[in-house]
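Below: one structure, written as structure tokens.
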Amino acid sequence: MVTEHGKLVGIARLAAESTPLLRKRRARYLSIEVKSVLNRCSNPEMPFYWTINPYRGCEFGCKYCYARYTHEYMGREEAGQFESEIYAKRNGDSVLEKDLLSSRLRDRPIAIGTATDPYQPAERRFKLTRAILERLAEWRGLRISLTTKSDLVLRDLELWKDIASRNEVHLNITLTTLSSQLARALEPRAATPRRRLFALKELSQAGLSTGVLVMPVLPRITDGPGELEALVRSVKRLGAGYLAARVLFVTSSIEKVWMPFLRERFPELVPVYRDLYRPPPGRLKVYRERISDLIRQLCDRYQLGRKPPSAGPSLEPGLWRQSLLPLDWSGDGPPLRPRSAAGPG
């Protein structure tokens with residue numbers, strides 16, 4: 001809840017009381033205090049129990065990002081605030097030490113980077129992810145995974161090897177396309193696909209368990225069978241042990257950024273998305289099953305797993321529940337710089 005009796009409460013109050021740290025051209029950084037760095041995952045079907053996100057907000061600015069709603073909890077509801085106001089959890093490593101003293105972590109997997117990227121540009125300056133990893137390195141018997149779009153993960157390669165020597169570790173690279181041009185449009189400030197693939201190779205060659213998350217698969221933009229096969233073939237060659245995929249889902253938070261982007265870059269696909277995502281969910285269900293079958297066939301062909309070993313529930317795309325909203329997909333005004341539905345090569 002943002003307000004109660006006209007007063008800010010909870011995370012909205014903490015955000016309002018946050019301390020400015022730095023301002024850059026595209027983003028400003030603020031410091032926010034937290035009582036715990038561990039957050040309970042409420043979906044029992046997910047392959048993790050606890051989540052850790054060292055930052056609130058993410059500079060990568062991915063057009064399809066589902067996590068924009070997390071800024072709305074803080075009263076930051078404008079579409080661009082998620083990537084322009086980055087909150088650093090300044091005491092995350094110290095409160096994590098208290099969390100680790102609890103038996104709550106026993107046999108309960110921890111996922112780092114479920115809502116914001118732990119290796120986004122802010123990490124180069126504030127090193128909060130590094131501080132948290134140094135705390136985790138002091139323990140044994142934990143089950144840890146991390147997901148990122150950044151090759152900055154290689155900065156901590158030796159630390160990850162140290163953690164993995166006493167804990168179960170899985171490192172996930174998110175990759176939606178092999179096209180650098182398309183990736184730049186979809187994920188403006190994330191590392192290029194080439195740099196992510198290099199990180200995947202280095203992590204794999206270091207003996208770490210690695211996988212690729214093709215999330216989300218974008219209908220008629222990144223879902224071509226040939227494109228997906230090229231991606232699967234590439235990540236297998238570079239040492240990935242598993243791959244999972246999930247089709248784009250749409251919420252009101254995603255719509256604020258995704259729909260203007262779609263109207264600008266792929267205006268001919270607006271009616272396609274309108275028909276696919278409008279209730280009832282029959283068409284979307286059929287489409288998701290087709291993509292799931294295709295990914296399963298490709299993983300079998302290239303001998304890739306569909307989840308990390310010993311990772312608990314499967315990463316089947318059906319486990320992420322779709323939201324179907326009666327959204328207005330009609331658009332206003334002329335589209336800008338229309339692009340081919342097949343994407344830029």
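Given R0 = 22 Å, the distance between the Cβ atoms of residue 290 and residue 252 translates into a calculated FRET efficiency of 0.25. Charge dipole of segment 174-236 (Cα centre as origin; +1 on each Lys and Arg Cβ, -1 on each Asp and Glu Cβ, all else neutral): 200 debye, rounded to the nearest 20.
Would you kindly calculate the mean projected area, averaged across all directions, of the convex hull enclosing the Cα atoms of segment 189-288, in square nanometres? About 7.6 nm², averaged over all directions. Candidate cross-link partners of residue 256 among the lysines, defined by an alpha-carbon separation under 16 Å and a same-chain spacing of 8 or more, comprise 63.
Spin-label pair residue 220-residue 205: with each label point 7 Å from Cα along the Cα-Cβ axis, the two points sit 4.2 nm from one another. Among residues other than residue 89 with Cβ under 10 Å from its Cβ, the summed charge is 0 (Lys and Arg +1, Asp and Glu -1).
With K and R counted +1 and D and E -1, the other residues having a Cβ less than 12 Å from that of residue 234 yield a net charge of +4. Ranked by the mean number of other Cβ atoms within 10 Å per residue, highest first, peptides 92-101, 296-305, 251-260 order as 251-260, 92-101, 296-305.
For residue 35, a cut-off of 27 angstrom between C-alpha atoms picks up these lysines, skipping any fewer than 8 places away in its own chain: 7, 89, 98, 127. Computed extension gain for residue 140 through residue 94, at 0.36 nm per residue and net of the alpha carbon distance, reaches 14.8 nm. A crude spin-label estimate for the pair residue 181 and residue 278, with each label 7 Å from Cα along the Cβ direction, gives 3.2 nm. For segment 101-154, a/c is not less than 1.5, where a ≥ b ≥ c are the root eigenvalues of the C-alpha gyration tensor, and a/b tops b/c. That puts it in the prolate class.
Laboratory data are not the source of any read-out in this text; all were calculated from the coordinates shown. Being a predicted model, the structure only gives us computed values, none of them experimental. Note that each Cβ is placed from the backbone with ideal geometry, even for glycine, and that neighbours are counted across all protein chains shown.
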